[in-house]
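Data first, discussion second: the structure below is written as C-alpha cells.
The values are calculated or read from the model by the stated rules, or taken from the named source; none is laboratory data. This one's a predicted model, so the numbers in the text were calculated from it and none came from an experiment. FYI the Cβ positions are ideal-geometry reconstructions off the backbone, even for glycines, and counts take in every protein chain you see. Keep in mind that these areas ignore ligands, DNA and RNA; they rest on the heavy atoms of the full protein, side chains included. Shrake-Rupley method; radii C 1.70, N 1.55, O 1.52, S 1.80 Å.
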Amino acid sequence: MLVTIPNLVLAYVVAFVSGLSIASSLLLPWSMLPDVVDHFRLLNPHAKGPETIFYSSYVFFTKMSAGVGLGISAASLEFAGYKPGMCRQSSTVILTLKILIGAVPAILIVIGLSILLFYPITEKSRKETEFALELLR
C-alpha cells in the first residue's frame, strides 16, 4: 500500500498505524499470558508449574501459524504463476503479492483484535484473582 501512496506524509501516517496494529497483535498475547496463567492457577490450585504448558503452547502455535502462512503464501504465488529469477512478473503475481502483503494481514489483525474484545479477564476480575492468589499463598 505504501508504494501506491504518492504523498510522503500520508505514507508515514499509514506506516505508523500499521506499526501500531502489528505491535498490538504481537504484544497483546504476551501481556495476556500471565493473567491466563493466574486464572488457571486459581481454578486449579493443586496443579504444579502450569506456566510451561501455556508459554510453550503459545510459542508452538505461533510457529505453526507462521509455517502455515508461509505455505499458503507459496501456494498462492505458485497458482498465480510466479517464476523465480525473473525480473518481470505477471500482473496476477503482482496482485497476489499485494493481497498477501496488505489485505490478508489487515483482515487477520482486525479479526484477532475483535476476538480480544470478548476477552473474559477484566481489570476487576484480574484484581480479584490477584487477591485470591495472595490468600492461597
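Data for the structure
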| item | result |
| --- | --- |
| Span from the region 91-137 Cα centroid across to the region 1-52 one, whole angstrom | 7 |
| Accessible area in square angstrom per residue, region 8-136, 1.4 angstrom probe | 75 |
| Burial order of peptide ranges 16-24, 59-67 (average beta-carbon count within 10 Å, highest first) | 16-24, 59-67 |
| Which of 39, 105, 57, positive extreme of dipole for the chain (C-beta unit charges) | 105 |
| Helix-only [θ]222 nm of the chain, DSSP H runs n ≥ 4, -39500 (n - 2.57) each, per residue, nearest 500 | -25500 deg cm²/dmol |
| Relative contact order %, the chain, counting alpha carbon pairs below 8 Å whose residues are six or more apart | 31 |
| Correct option for Cα Rg over 2.2 N^0.38 Å [calculated from the coordinates] among [x] 0.99; [y] 1.47; [z] 2.65 | [y] |
| Fraction of accessible area attributable to carbon and sulfur, the chain (%, probe 1.4 Å) | 74 |
